[in-house]
Amino acid sequence: PVVENNGKFSYHGYAVTDMYRIDPRFGTNELYRELVSEAHGRGLKIIMDHVSNHIGINHRWVQSLPMPDLLNGSAENHLPAYHGKLELTDIHADSSASIRLRNGWFSDSMPDLNQRNSFVAKYIAQNTIWWIETTGLDGIREDTYPYVDPGFASRWAKAIRAEYSQFSIVGEVWIQDPAHLPPYQEGGAGRRMPDTHLNSLTDFGMFDAFRKVFWDSASIAEIYRCLTKDFLYPDPENLVTFLDNHDTQRIMRVNHGDVRRTQFALGLLLTLRGIPQIYYGTEIGMTQGPDHGRSRADFPGGFPGDKRNAFAAEERTEDEKQVFEYVRELLRIRKQHPALQTGTLVHFPPKDEVYCYLRITDDEKILVIANNNEQPTDVDIRRFKHLLGEGGGIRNIMTGKFLRAEDEMIRAVPARTVSLYERVVVGR
């Protein structure tokens, strides 16, 4: 969040002290409006990180409450943080669990707002709409979504999307079991909560699958098994997928600085279904950590006096160059091939740590082979023949190598890589 956070606990931006003011350390409201305008002029969109659940302990409301039930509890007497989010969708759970989770303070420095108070609810909704209207924002990432009163959260999102029908709201729902995530997406409401009106969610289910493969060295089948549960979601294509973020260890650190394995993870992220999110610095393989405070270290460069500037290619390390060039090439390929963005995903159970899937549109077919072995592997492609069609063949998008339709094997698929093949009617 970029709103004012006036306090020693607020380096992260989640302890707001003025919802209507950009933090002076970033600039002014006018400069923020200019940022959105300049971004739009370059074909970019701006998403605001937003918090409805809590404020900062130094907010003037805490010092002089406008009404006694504005907060859930007080600085002297409040429920502690509780994180039993699975209990919110568990039909057998004790109902008091939701009270502890939604009324508990996220920390002693973050007082919990009482959105059941109609004045608080209207204030938050009006403030959100004000930011969208006055700046031209394109979307919101709503922080700590399960901790907010569900009735308020539903009405809040509905009110925003009634004003701005194309507006995107991504709910941060840190639940790693895909069975418990779908109720939070619009149209997937469970028996214990109203419709959220959230068109998108952070896909912590997929993150958990990535974590098992790349943190715990589990089989690549974990990713396949996660995706087989997509039938539970109203719109799995609109989930935000990621390898790391500001609350987790960085993927390059998890991989112990292994460039090839980090590239492999990024290759999966950018070719599977969903909306891929790349945490800043991941594109150069930043490794800072292990705690989330250090994972949020500054990107090297960009300010006077910085020791080096990793925005400049010549000042990147060799590892940073390798990761950056790979990400740039993959994004270029993704942009040129709509199937990798919006194509239907058709996948096959992994065999011998090789995971194969296709992204298919009416005009394009892309075959992806993800080899999770330490050695090059021959891959039998007869399983995919009926999907690729007769005649022509497939061409490796990165190397240009062509295989005829009658070929049954792809020889020596490189280890720890994602290889991309496009369907072509006539080989060249």
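The values are calculated or read from the model by the stated rules, or taken from the named source; none is laboratory data. Owing to the predicted nature of the structure, the values given are computational and were not obtained by experimental measurement. Please note: Cβ atoms are built from the backbone with ideal geometry, for glycine as well, and neighbour counts cover all protein chains shown. Surface areas here come from the heavy atoms of the whole protein model, side chains and all, with no ligands, DNA or RNA. Shrake-Rupley method; radii C 1.70, N 1.55, O 1.52, S 1.80 Å.
Just a few scattered comments:
- For the chain, a Gaussian network of Cα nodes joined below 10 Å ranks GLY343, GLY56, GLY392 by mean-square fluctuation, and the top entry is GLY392.
- Inter-label distance for PHE231 and ASP306, nm, one decimal - labels placed 7 Å from Cα along Cα-to-Cβ: 4.9
- Rounded, prolate or oblate (a/c below 1.5 giving rounded, otherwise prolate when a/b exceeds b/c) for region 330-428 by Cα gyration tensor: rounded
- In this simple spin-label model, placing a label point 7 Å from the Cα along the Cα-to-Cβ direction at both ASP108 and ASP49 gives a separation of 2.4 nm.
- Overall, the anisotropy analysis places region 40-196 in the oblate class: the square-rooted eigenvalues a ≥ b ≥ c of its C-alpha gyration tensor yield a/c not less than 1.5, with a/b not exceeding b/c.
- FRET efficiency for ARG192 and GLU325, using Cβ-Cβ distance with R0 set to 56 Å, rounded to 0.05: 0.75
- Extension reserve of the LYS401-GLN63 stretch, reckoned as 0.36 nm per residue once the Cα distance is removed: 114.9 nm
- Simple rule: put +1 on each Lys or Arg Cβ and -1 on each Asp or Glu Cβ in region 5-152, find the dipole, and look at GLY13, LEU86, SER37; the Cα lying farthest toward the positive end is SER37.
- Overall form of region 1-115 per C-alpha gyration tensor (a/c, 1.5; a/b vs b/c): oblate
- Protection proxy ranking for 120-130, 34-44, using the average of other Cβ atoms within 10 Å per residue and placing the highest first: 120-130, 34-44.
- Cβ-Cβ FRET estimate between ASP177 and ASP363, R0 fixed at 35 Å, reported to 0.05: 0.45
- Computed about its Cα centre, the charge dipole of the chain is approximately 560 debye, with only Lys, Arg, Asp and Glu carrying charge at their Cβ.
- Using the 1.4 Å probe convention, the accessible area of region 131-252 works out to 34 Å² per residue with neighbouring protein chains retained.
- Charge tally for GLU314 (other residues, Cβ to Cβ under 14 Å; Lys, Arg +1; Asp, Glu -1): -1.
- Averaging over all projection directions, the Cα-based convex hull of the chain occupies 22.8 nm² in the image plane.
- Gaussian network model of the chain, Cα within-10 Å springs - most flexible of ASN245, ASN77, ASN53: ASN77
- If a spin label sat at a point 7 angstrom from the Cα of GLU163 along the line to its beta carbon, the backbone N atoms of region 128-147 nearer than 14 Å would be those of 128-140.
- Fraction of accessible area attributable to carbon and sulfur, the chain (%, probe 1.4 Å): 52
- Along principal axes, Cα extents of region 240-359, largest first, whole Å: 50, 30, 24
- Considering only VAL62, VAL240, VAL16, the Gaussian network model of the chain with Cα springs below 10 Å gives its largest mean-square fluctuation to VAL62.
- Structure-based [θ]222 nm, the chain - -39500 (n - 2.57) summed over DSSP H runs of at least 4, per residue, nearest 500: -8000 deg cm²/dmol
- Trypsin sites (Lys or Arg not before Pro) within region 291-343: DSSP coil, no more than 14 neighbouring Cβ in 10 Å: LYS307, ARG308
- Full extension of the chain segment joining ARG21 with HIS292 gains 95.0 nm, where the gain is 0.36 nm per residue of separation less the Cα-Cα distance.
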